[in-house]
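Laboratory data are not the source of any read-out in this text; all were calculated from the coordinates shown. Not measured: the values here are computed from a predicted model. Positions of Cβ are backbone-derived with ideal geometry, glycine not excepted, and every protein chain shown enters the neighbour counts.
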Amino acid sequence: MKKIGLKRGLALLLLLGIAVLALTGCVAGPTITDTSATGIRLVQPTGAFSATTTVEQYGVFYSKSRQAVVDVDASKTADVHQAAAIVNPEGATQITTYDSNTYNTGQATTITVDVGALTQGEMYYFRAYAIGHTNPGNVQYRVLYAVAGHATSSSDAYLKKIKASKGSLKPSFSKTKYSYTDTLAKGTSSTKITVTPDKSGSTVQLMVGIGSWSTATSKTISVSKGKSKTLWVKVTASNGTSKKTYKIVVKRKS
């Protein structure tokens, strides 16, 4: 099978169980894992065929819009042998693979579909399908599986925003600037620092001084007159390897 290239080297594998309507099992959506090596892997629950079955086509619909894949409908078309005939009103991307394999009664199987052109750090929704017929008997079927969603991993470990509830934060924020100072008036004893990661899948950890790291996106810093404290912000991208550290010094005037 020829693989379609992914942006920034992502490789996405969809493993789906092909099943007739009389399959012993379910047509629930797949479980999902995401690693830097393989991108997204969707593993479709499988059951055993209740009759000798020939799979003619299988594939996946996917989109950034969940509703687009929810609205895919196989029940309104007459020709079960045409994947293109499946109603796809909102134009979800469709990957079709042609097959002619026959699976025996009681056999469970998984089938791999490669999907491409995905952007890092974005949420996508997927819906697998299968088309075929029993053999003998030529009972035709078309199966749509449940919708599953997952965010692609990203190497983006930047912050999008730093906000201080009190004081004056300098310099003006830029995600490629890693050191800031928040100066409080002498009558102000504390400020709340809130940070927002550039990508929602990133993990943010905070540490005051030489304390311990805690997973959070905000921290209230109290400072005595004429003193200062340092808030460290560590951002880990969703790929688990890319990291950035920001430094925010909170000073209080004497």
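Rg to Rh for segment 110-254: what is it, with Cα atoms only and Rh by Kirkwood?
Result: Rg/Rh = 1.30.
Counting only other residues whose beta carbon sits under 11 Å from that of His133, what net charge do I get with K and R as +1, D and E as -1?
My count for the surroundings of His133 gives 0.
Please give the charge dipole size of segment 157-220, origin at the Cα centre, charges +1 on K and R Cβ atoms and -1 on D and E Cβ atoms. Round to the nearest 20 debye. Show your work: numbers first, answer last.
On the way: 11 positive and 2 negative charges, 37 e Å.
Here segment 157-220 has a charge dipole of around 180 debye.
All other residues with a Cβ under 12 Å from the Cβ of Thr230 taken together, and with Lys, Arg as +1 and Asp, Glu as -1, what is their net charge?
Here the count lands on +4.
If you take the charge dipole of segment 158-213 about its Cα centre, with +1 on Lys and Arg Cβ and -1 on Asp and Glu Cβ, which of Ser165, Ser189, Val204 is farthest toward its positive end?
Toward the positive end, the furthest listed residue is Ser165.
Within 10 Å of each residue's Cβ, count the other Cβ atoms and sort Trp232, Trp213 from fewest upward.
Least to most surrounded, the residues fall as Trp213, Trp232.
Arranged by the count of other C-beta atoms within 10 angstrom, fewest first, what order do Ile162, Ile210, Ile131 take? Walk me through the numbers on the way to the answer.
On the way: Ile162 20, Ile210 7, Ile131 25.
Ordered by Cβ neighbours within 10 Å, fewest first: Ile210, Ile162, Ile131.
Arrange the following residues from fewest to most other Cβ atoms within 10 Å of their Cβ: Asp198, Asp182, Asp73.
Lowest count first: Asp73, Asp198, Asp182.
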